[in-house]
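Asker: If you scroll down you'll find the structure; I have some questions about it.
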Amino acid sequence: MPLRFNIRHLERKALRLRGELPVAELDLGGIDELIRASLPLKHDLLVERQPRSVLVQGNLQLTLSCECVRCLRAFEHRLELNRWSCLLPLDGDDRVLISNDCVDLTPYVREDIVLAFPRHPLCRAECRGLLAAARAEARSVVNATGEISSAWAELNKLKL
Ligand SMILES: [Zn+2]
């Protein structure tokens, strides 16, 4: 279902656009090599006619697959734009493009989604990077098997 509405349908009442947009429509590839989007964008928007514009407001939600800049671990980042809004002028130089009475909201949504991308995706705020991740993993292996490798036993001695 494209993110589009017919402007004639707004003449008497507001429209609600609720559903999912295939993420390919947003064309998010190549913006950041550490961020990928494969799940659809969820949206719940209210579209209202104003005297000289159209007001769109509501919620947008997109789950991103990210790679941590510090430890390279893959993680999911849920991007939520709550109370997102967009005013589309119907006249003037910035007026919205209307074709066959329809307005496509995709470019407006895309712009704000891209702006909301995490600048430096981190698996968690306190991620200390690859070395710390390797240590944590080694520790969990130790915990899981109950065995302590000699290297880690040496390390433990040092701590004493
Ligand atoms: Zn990390």
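What follows is calculated from the coordinates using simple rules that are stated; it is not laboratory data. Just so it is clear, the model here is predicted, and its values are computed rather than measured. Note that each Cβ is placed from the backbone with ideal geometry, even for glycine, and that neighbours are counted across all protein chains shown.
Asker: Which number do you get for Rg(Cα) / (2.2 N^0.38 Å) in the chain?
Answerer: So the chain has a normalised radius of gyration of 1.55.
Asker: How far, in nm, would the chain grow between ALA125 and SER38 when pulled straight, counting 0.36 nm per residue and subtracting the alpha carbon separation?
Answerer: 28.9 nm
Asker: Another question about this same structure. Let's test the formula: R0 of 45 Å, r as the Cβ-Cβ distance of LYS13 and ARG73. What FRET efficiency results, to the nearest 0.05?
Answerer: Calculated value: 0.40.
Asker: If we count every other residue with Cβ under 15 angstrom of LEU122's Cβ, Lys/Arg +1 and Asp/Glu -1, where does the sum land?
Answerer: +2
Asker: Over the chain, calculate the relative contact order: mean separation of alpha carbon pairs under 8 Å at least 6 apart, over the residue count, as a percent.
Answerer: 21
Asker: Here's a follow-up. Gaussian network model of the chain, Cα springs within a sub-10 Å range: biggest mean-square fluctuation belongs to which of ASP44, ASP112, ASP101?
Answerer: Fluctuation is largest for ASP101.
Asker: Per residue of the range 25-38, what does 6.51 cos²θ - 1.76 cosθ + 1.60 with θ = phi - 60° give for ³J(HN,Hα)? Whole Hz please, x for Gly and Pro, Karplus curve as stated.
Answerer: 5, 7, 6, 9, x, x, 7, 8, 5, 8, 10, 10, 10, 10
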